[in-house]
Structures are given as C-alpha cells and as structure tokens.
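Visitor: Questions regarding the structure given below will be posed in turn.
The values are calculated or read from the model by the stated rules, or taken from the named source; none is laboratory data. Remember, predicted model here, so these are calculated numbers, not experimental data. All Cβ positions, even for glycine, are placed from backbone atoms using ideal geometry, and neighbour counts span all protein chains on display. Just the protein is used for accessible areas: all its heavy atoms, side chains included, with ligands, DNA and RNA removed. Shrake-Rupley method; radii C 1.70, N 1.55, O 1.52, S 1.80 Å.
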Amino acid sequence: FNLESEDKESDLIERAPIITIMGHVDHGKTSLLDAIREANVADGEAGGITQKIGAYQIVKDGKKISFVDTPGHEAFTEMRARGAQVTDIAILVVAADDGVMPQTVEAIAHAKSADVPIIIAVNKIDKEGADPSRVKNELMEHGLVPVEWGGDVEFIEISAKFGQNLEGILDTILITAEMLELKGNPKKRAKGVVMESRLDPKVGPIADVLVQEGTLKIGDIIVAGESYGKVRALLNDKGEKTEAASLSQPAEVIGFNTVPEAGDVMYVVQNEQHARRIVEEVEKDRKLNDQNKKKH
Ligand code: GDP
C-alpha cells in the first residue's frame, strides 16, 4: 500500500544528522549526552530542562544536530529489527583508562552492519590512567584506523565529566554530516520512529517520536504498530507546544488510541478508516506469528 512517489529534487532540503551514542557500560555515554545537552541549552533555559523524550536537538554554528537518547544498543538492534534505521552517525565512547571492552566491539559490529560512520570519543581523558594511544591501537585491531595514522576514523579526546572538548565532537559531527549530504522532503506525509512511549493518566497514550521524513502536524492521522489515532497535540524536546515536527526533529505525540511500542515505525495515512485497516492487518499478522511460535 506504500505507493510513495519519488521525491522531486526541488523539494529536498538539508536535514539534521541523527546521532546515536554507543559504547561499553560506564564508559560515559550518559555523561556525554548530558554534557552536550547542558552546554547547548539556550540562555534562560539552563536547569529548566527536565524533559526526557528519547531524543533532543541542539544547534551548533547555526546547524542542527539530533541526538537519540536510547540506552545501550537498542537504537540499532530493536529498531533496525523493525525496519527503522534511526542513526546517521554513531559516536563510540571508549574510556581512555579502560580501552576496548566487549560492548565496544559489539557497538562496532552494529555500526558497521548498519553502514553508519563512526566517530570515536576517547573519554575520561582527565583521569590519571588515561592512555589514548592504547585506545587507538586496540581499535586498529578492529579495523578502525585513525585519520592521523592514514585511516578515515576521527578520534576525539574528551572529558564528558568536565565538559572538555565537546566542541571537537560537535565539529566532527558537522563535518561528517556534510559529507553524507543528508536530505529529506518536508512536504511528504510524515514518517518516524517511536523512541519511547507511556500511558499518562491524564493525557492518555504518549509517544516520543523522531520524525525522519515529511512533516508531522496536528490533525494528522497516524499509525504505529497496533496503535492509531489523530495527532491532538505535539510538544517539542523542550516540552513546548508546537504545531508541527519535521525532518530529524523529536516530538511528543499525543493522540494515539493505545500506547505504541518503542521501535514501532509511525506514519501518517490518508484517513482514519485506512488507519484502522492497517492496524487490523498488523494485529492479524501478529496473531498468526504468535500461533506459529507456539507450534514450534
Ligand atoms: P554509561 O554507562 O556509558 O552511560 O556511563 P556514565 O555516563 O553513566 O558514566 C559512568 C561513570 O563514569 C560515572 O560515574 C561518570 O561520572 C564517570 N565519567 C563519565 N565521563 C567521565 C570523564 O570524562 N571523566 C571522569 N573522570 N569520569 C567520567
């Protein structure tokens, strides 16, 4: 049913890169996400951001960058399993005092199989036992060759804890994004991915969606997994009401009839009747799958 017409070249515009931060546990993924967010909150908002909607967007030198705030490797494994690729660039955090660890290797495999460029954040550079050349040597063994050694992988030394050299990370993201020439058509019906979801006792089902194509607007009829509805309200990553969310933008979507699952692909359809039909098909498929699983 997906008779998507080709995008007209003239409708395509530059879109923000979507970044996932990966790495071994305790190497500093959360610290880096938080540090970047805090350093880039507009004046007056500082400290006011408590909203956590699965993704956030910052502006660096007039360019937007979206960060996916998904723990572990879920952004790759779960979402890709459901046909949604949410990452343009992977930041691989490696603690300089610990080096390459099992989840580091796993992360490399995920990024490679998704064909996503990797930027290495050599973290905890402030620590006594920090040994960035060891990190380089160990990553070489996994095929990641630093630019300064003739390869194509950028290694940026940072301290997420002390906010040291976050600029270096952001600049490298922008340069990498430029080479990828990421574009999208904001005029299309929206398509995105559910990053997180919950049931609010007052508001009802809420889905945090990262819009990947088109523009999502109030009043749009939406489907995600076995949920559907009409967009009643949209909030941006600062918790403010907004009329629309476009390419690479995160938004809280209110209007689903039930709570969709994280990783579900969300898209806008013509009308509610169509939405219901799609959901019925999805339900049927799932039930068949469940039955087959029981048989085996
Ligand atoms: P995650 O499991 O990868 O998300 O790691 P966290 O961000 O939770 O960090 C794990 C621990 O390392 C925390 O205690 C952080 O305070 C600490 N940490 C993170 N980044 C740095 C850093 O740059 N320097 C130092 N000294 N500690 C850090």
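Visitor: Counting only the heavy atoms of the protein chains, how much of ASP97 is accessible to a 1.4 Å probe, in Å² to the nearest 10?
Guide: 50
Visitor: Further question on the same structure: Relative to the first principal axis of the alpha-carbon coordinates of the chain, what is the inclination of helix 166-180, with its axis defined by its Cα atoms, in degrees from 0 to 90 and to the nearest 10?
Guide: 60
Visitor: If you place +1 on the Cβ of every Lys and Arg, -1 on the Cβ of every Asp and Glu, and leave all else neutral, what size is the dipole of the stretch 100-235 about its Cα centre, to the nearest 20 Debye?
Guide: 1000
Visitor: On a straight-distance basis, which aspartates and glutamates could pair with LYS294 in a cross-link, Cα separation under 17 angstrom, same-chain partners fewer than 8 positions away excluded?
Guide: Once the sequence-local aspartates and glutamates are set aside, what remains near LYS294 is GLU283, ASP285.
Visitor: If you don't mind, another one. Report, in deg cm²/dmol and to the nearest 500, the calculated mean residue ellipticity at 222 nm for the chain, where each DSSP H run with n ≥ 4 adds -39500 (n - 2.57) and the sum is divided by the residue count.
Guide: So the calculated ellipticity at 222 nm is -8000 deg cm²/dmol.
Visitor: Along the charge dipole of the chain, which of THR172, ALA224, ILE91 sits closest to the positive end, that is, farthest toward it, with unit charges on the beta carbon of Lys, Arg, Asp and Glu (+1, +1, -1, -1)?
Guide: The Cα lying farthest towards the positive end belongs to ALA224.
Visitor: May I ask you to list the GluC sites (Glu not before Pro) in the stretch 155-229 that are in a DSSP loop and have at most 11 other Cβ atoms within 10 Å of their Cβ?
Guide: Working: sites: GLU157, GLU167, GLU178, GLU181, GLU196, GLU213, GLU226; in loops: GLU181, GLU226.
Answer by residue number: GLU181.
Visitor: Work out from phi, with θ = phi - 60° and the Karplus expression 6.51 cos²θ - 1.76 cosθ + 1.60, the ³J(HN,Hα) of each residue of the stretch 209-220, listed in order in whole Hz, and give x for Gly and Pro.
Guide: Result, ordered by residue: 10, 9, 7, 9, 9, x, 10, 8, 10, 4, x, 5 Hz.
Visitor: Further question: Give me the 1.4 Å probe accessible area per residue for the chain, excluding ligands and nucleic acids, in Å².
Guide: Numbers: 14980 Å² over 296 residues.
With all protein chains present, the chain gives 51 Å² per residue.
Visitor: OK, next. Using a 1.4 Å probe over the heavy atoms of the protein chains, calculate the carbon and sulfur portion of the accessible area of the chain as a whole percent. List each step's numbers first, then the result.
Guide: Numbers: 7160 of 14980 Å².
The computed percentage sits at 48.
Visitor: Taking a cut-off of 18 Å between Cα atoms, list the lysines near LYS217, but don't count ones fewer than 8 places away on the same chain.
Guide: By straight Cα distance, LYS217 reaches LYS187, LYS188, LYS191, LYS230, LYS238, LYS241.
Visitor: Can you give the charge dipole size of the stretch 168-225 about its Cα centre, rounded to the nearest 20 debye, using +1 on the beta carbon of Lys and Arg and -1 on the beta carbon of Asp and Glu? Intermediate results must be reported in sequence, preceding the final value.
Guide: Values: 8 positive and 8 negative charges, 79 e Å.
So the magnitude is around 380 debye.
Visitor: Relative to the present Cα-Cα distance, how much length would full extension add between LYS295 and LYS161 at 0.36 nm per residue of separation? Don't skip to the answer; put the middle values down first.
Guide: Numbers: separation 134, 0.36 × 134 = 48.24 nm, distance 5.15 nm.
Difference between extended and current length: 43.1 nm.
Visitor: Taking amide H positions as placed 1.01 Å from N in the peptide plane, with prolines and chain starts having none, which residues 5 or more places from LYS183, or on another chain, fall under 5 Å of its amide H?
Guide: Answer set, sorted by chain and number: ARG15.
Visitor: Give the separation of the Cα centroids, the stretch 202-273 to the stretch 101-179, in Å.
Guide: 34
Visitor: Among the aspartates and glutamates, which fall within straight-line cross-link reach of LYS202, defined as a Cα-Cα distance under 17 Å, with same-chain neighbours fewer than 8 residues apart omitted?
Guide: Filter leaves GLU252.
Visitor: Taking the 0 to 90 degree range and rounding to the nearest ten, how far is the long axis of helix 29-39 tilted relative to the main principal axis of the chain, both from C-alpha atoms?
Guide: 80
Visitor: On to the next question. Let me test this: with uniform point scatterers at the alpha carbons of the chain, what is the Debye-based log₁₀ I(q)/I(0) at q = 0.07 1/Å?
Guide: Per q value, in the given order, log10 I(q)/I(0) is -0.29.
Visitor: State, as an integer percentage, the relative contact order of the stretch 181-296 based on alpha-carbon contacts under 8 Å between residues 6 or more apart. Before the final figure, lay out the partial values.
Guide: On the way: 280 pairs, mean separation 34.9, N = 116.
After rounding, I find 30 percent.
Visitor: When only the heavy atoms of the protein chains count and the probe is 1.4 Å, how do ARG134, ARG189, ARG15 rank by accessible area, highest first?
Guide: Ranked list, largest accessible area first: ARG189, ARG134, ARG15.
Visitor: Might you report the magnitude of the Cβ-based charge dipole of the chain about its Cα centre, with Lys and Arg at +1 and Asp and Glu at -1, to the nearest 20 debye?
Guide: 1260
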